Amino acid sequence: MKPSIEQIVNQLALKREGRPEEGYWQDFLCEFHHRQRKQAVTGSRYSAMISQFSSWFGSLGPSKWAYGTGVAYAALTVGFILTPRSVERENLPSSPVKYQVVPAPGLPLEQLDRLDLSPSTQGNIGEQIF
Amino acid sequence: MFRQSRPPDPDQDLITRAQQGDTRAFDALILKYGDKLFGLVYHMTSHKEDTHDLLQEIFARAYQSLSKFRGNSTFYTWIYQIAVNLTLNFLKKRKRRTTLSLNDLESSVQLDPALIDSAHEANPERQTALNELQIKLNEAMKKLSDPHRMVVTMFDIQGMSHVEIAKVLKASEGTIRSRLHYAHLQLQSALQDSWEERF
Amino acid sequence: MSALVKSHPLGLPSLLGFSAGLMISVCLSQPMPAASQLHVSFRAAPGGNSAHSIAVPVEGAGFLVAIVANGADPHQPQLLLGQKKILAKVVGFDPISRLQFLQMENETSLPLVAWLPGVNSHANAHLIAKTLTGPVPCRAMGWTKQVNGKVLPLALLKVAFDREVPLPGTPLVTNGGGIVAIIFQASDTGKIAYAIPAEAVHRVQRDICEGRPFVRGWLGLCLRAENKIPQIVRVLPDSPAAQAGTLPGDVLTSIGDRKISDYADAANAFFYLIPDAPVQVKLLRGTVSLEFTMTPSKPDGM
C-alpha cells in the first residue's frame, strides 16, 4: 500500500531535531579559527606585497615607463641565459655491461594468530589454513 | 506611498560587531545557526565528512563577505542562501567526479534522531519497523534530484514556509509548491512497497 | 574596537589573525569535553602488566568497547568515568583482536557516536584522536599488514602523532566526527600508533555481543605466508572452497570487496568472513579470471 503524503511528511518531520553530537561545534570553531588564521597570514603577506609594489610604481611618475621597459628587457635576458641548449658531448668509448639479476631470497614470514606485536612473539610458519 | 518597514534583524548587534572584527560575535552566529545549516547540508549530501567540510566553507565565505552584507534580508536568509548555493555546486561536482553508488554514501542511521528510541517504553518491534522505514525514506530522498531534495529538506525537515523557501531559492512561490508536490509524489511512489498499515 | 581596527597599520587581517590565534590557544589549553571520558582499568595477568584503555560506545544499549593490552587480565576490568567507578559487566573478550565489550549495569544514555563503515577512504586522512584530555590531531599513514616479519591476523591502520601516542582504545575520528579506528598500541618509536579499524570492531562485536566467541568463516584453502603472491597451495577436501571448485595453483585476486595483492591481504580478508554468509571470491587460474561464490563454514570443532 502507498503511504499518504501526510504520512510521509510526518516521517520527514521526525528528522527535524537532528543535530551533531555534543562537542562538535567546539571542535568546529577551533578548526574554523585555524583556517581563518592561516588565510589571514597568507592573504596579508600577498596583499601587503601587492600594495607595496603598487604604491612604489605609482610614485615613480613618468619615469615608471622607463623602469617598466628595463624590467622587461632584464627578464628577457635572464630567460635567454637560462634556456637550456644542446651541449656537445664527447663520444665516450662504450663498454659492455654484464649483469645478472638475482631474485632476492624470500623471507620466511610467520603468521600471527593474535594481535601481539611484541618482537618475541612466535607466529606460525608454513601452510596456513583459512 | 509609504514603504512598509521591515522588522529589525534579531542578529543586528552580532552582525555589526562581527563586521567590526569581533570574532566572538561571528562565533555566536555560527553557534546560533550551525545546527540548522548542518541539517540542511547533511540531508542534502548524506555524508558527514562532506557536511563538515562544506560548513567550514559556508561560514568562511560568509565571514569573508560580511562587509558586503547590507541587511536587504535577514542574516539567516543570507547565510542560508550561501549554504544552498555552495551545497548545490558541491553536489554537481560530486556527480561529475565519481559515480557514487547510493551505498557509498553514509547511512544516516547513527545520526538520525528519527531512529533514536528515547522513550524506554517504546515497542521494540515497532521501533525496528520504524527504523527500517526511515532507512527506506532516506534512500528515497537520495534518489530525488538535487532541487527536489532541497525543497523537501527545507519544507518538510527544516519546517520553512513556502514564502521563505521562495526567497532563499529566488523562485516564485508557485514554483516551490509545484516542486514540492512533485517530490512528494516521487517519495510516495518510492515507498509504495515499504509501507505497512500499522504506520 | 573599530577605532583600533582603523588605526592599526595592517588593518583588519592581522587583528583577525591575532584574535584567531588567541582563540585557538584558548581552545588547545583548556581541556575540551571529549567524546569518550569512560575508561577501563585492567589488572596484570600473571607475568604481565596492568593496563588502561578508553572505553568507546558502540551500538546497543550501554555497550562499550575497550582494548585489553597483551599482558593484562581481561576478567575483572574496572570501568571509570574520571575517577568515579561505574558498574559494568564483561559481555565478552576476543583474544585475537584483544577487543573487550562491556555493558554498563545502569543503562545510562551514552553519547551517540557514529562509526564509519568503509575505512579505505581514510587510509591517508588527517584524523583527530579523542583523548581523555581533549582532541589531538594525527595522520593516518596507510595499512600495516605485518610487523617484525610476522603477518598480522588483520591489517591495522598506521597513525602518526606529533607527540606521545594516546591510550589504547582512543577513538580516531574524521573531521566530521565519525570513528574510523581505535588505537591498539604504540609502536616502538612512541609516536606511531597501530589502530584497529571500525570494520574490525563491528565484525568482532557482531559475535561477542550475541554471547558467542568471535569465529571467522572458514573456507578450507591453504596459502603459505612466504609466497609473495596469494596462491592457493592446497584445498581441503569437502571444504567450501573445494565445493566451489577451487584448485591448488589458483591465485586469489579478491575476496568480497577486498582486492588481494599479496598473502597478507588474504589473511586480512579472511578475518572478516562470516560463517554461513556467502562471499564472492575472484581468482586467476593461469590467465583466466574466475569467480566463485563460497559459503564459509565454522572451523572444525566449533
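Bear in mind these aren't lab numbers, they're just calculated from the coordinates by the rules spelled out. Just so we're clear, the structure is a prediction, and the values are computed from it rather than from any experiment. FYI the Cβ positions are ideal-geometry reconstructions off the backbone, even for glycines, and counts take in every protein chain you see.
Here A:K2 is the anchor, and the lysines within straight C-alpha reach of less than 24 Å, apart from those fewer than 8 places off in the same chain, are A:K15, B:K136, B:K142, B:K143.
The stretch between C:E59 and C:T133 holds 24.2 nm of extra length on full extension. This uses 0.36 nm per residue minus the Cα-Cα distance.
Packing-wise, with mean Cβ within 10 Å as the measure, how do B:37-48, C:156-167, C:277-288, C:141-152 rank, highest first? Please report the intermediate quantities before stating the final value.
Numbers: B:37-48: 23.7, C:156-167: 19.2, C:277-288: 14.8, C:141-152: 17.7.
Ranked by mean Cβ neighbours within 10 Å, highest first: B:37-48, C:156-167, C:141-152, C:277-288.
With the simple model of a label 7 Å out from the Cα in the direction of the Cβ, C:K298 to C:A160 spans 4.5 nm.
On full extension of the chain, what length is gained from C:S187 through C:S41, given 0.36 nm per residue of separation minus the C-alpha to C-alpha distance? Each step should come with its number before you reach the end.
Values: separation 146, 0.36 × 146 = 52.56 nm, distance 2.11 nm.
Net length gain for the segment: 50.5 nm.
Semi-axes of the equivalent ellipsoid of segment C:191-270 are 25, 19, 10 Å, computed as sqrt(5λ) over the eigenvalues of the C-alpha gyration tensor in descending order.
For an R0 of 45 angstrom, estimate the FRET efficiency from the Cβ-Cβ distance between B:E173 and C:K259 and round to the nearest 0.05.
On the way: r = 52 Å, r/R0 = 1.16.
After rounding, the FRET efficiency stands at 0.30.
Computed FRET efficiency, Cβ-Cβ of B:R61 and A:M1, R0 56 Å: what is it to the nearest 0.05? Calculated transfer efficiency: 0.80.
I'd like the mean, over residues of C:237-249, of how many other protein chain beta carbons sit within 10 Å of each residue's own Cβ. Please report the intermediate quantities before stating the final value.
Working: counts 0, 0, 2, 0, 1, 0, 0, 0, 0, 0, 0, 0, 0.
Mean partner shielding for this stretch: 0.
Between C:S50 and C:K84, the modelled labels are 2.2 nm apart [label points 7 Å from Cα along Cα→Cβ]. Less than 5 angstrom separates the built amide H of A:N124 from those of A:Q111, A:L112, A:D113, all sequence-distant by 5 or more or on a different chain.
One quarter of the convex hull surface built on the alpha carbon atoms of segment C:55-181 amounts to 8.6 nm², the projected area averaged over directions.
Per residue of C:69-78, what is the mean number of Cβ atoms on other protein chains within 10 angstrom of that residue's Cβ?
On the way: counts 1, 6, 2, 0, 0, 0, 0, 0, 0, 0.
Rounded to a whole number, the mean comes out at 1.
Once you average over the residues of C:142-154, how many Cβ atoms of partner chains fall within 10 Å of each Cβ?
Values: counts 0, 0, 1, 0, 6, 7, 8, 6, 13, 7, 7, 7, 2.
Per residue, the average neighbour count from other chains is 5.
Simple rule: put +1 on each Lys or Arg Cβ and -1 on each Asp or Glu Cβ in segment C:221-294, find the dipole, and look at C:A266, C:L223, C:G286; the Cα lying farthest toward the positive end is C:G286. Between the amide H of B:M160 and those of B:F155, distances stay under 5 Å, these residues lying 5 or more places away or on another chain, with hydrogens modeled in the peptide plane. Taking amide H atoms as placed 1.01 Å from N in the peptide plane, the amide H of C:L273 lies under 5 Å from those of C:G217, each 5 or more residues away in sequence or on another chain. Inter-label distance, A:F80 to B:N72: 5.5 nm, where each label sits 7 Å from its Cα along the C-beta direction. Excluding A:P20 itself, calculate the net charge of residues whose Cβ lies under 11 Å from the Cβ of A:P20, where each Lys or Arg counts +1 and each Asp or Glu counts -1. With Lys, Arg at +1 and Asp, Glu at -1, the net is -2. Counting neighbouring beta carbons within 10 Å and listing from fewest to most, the residues B:I82, C:I232 come out as B:I82, C:I232.
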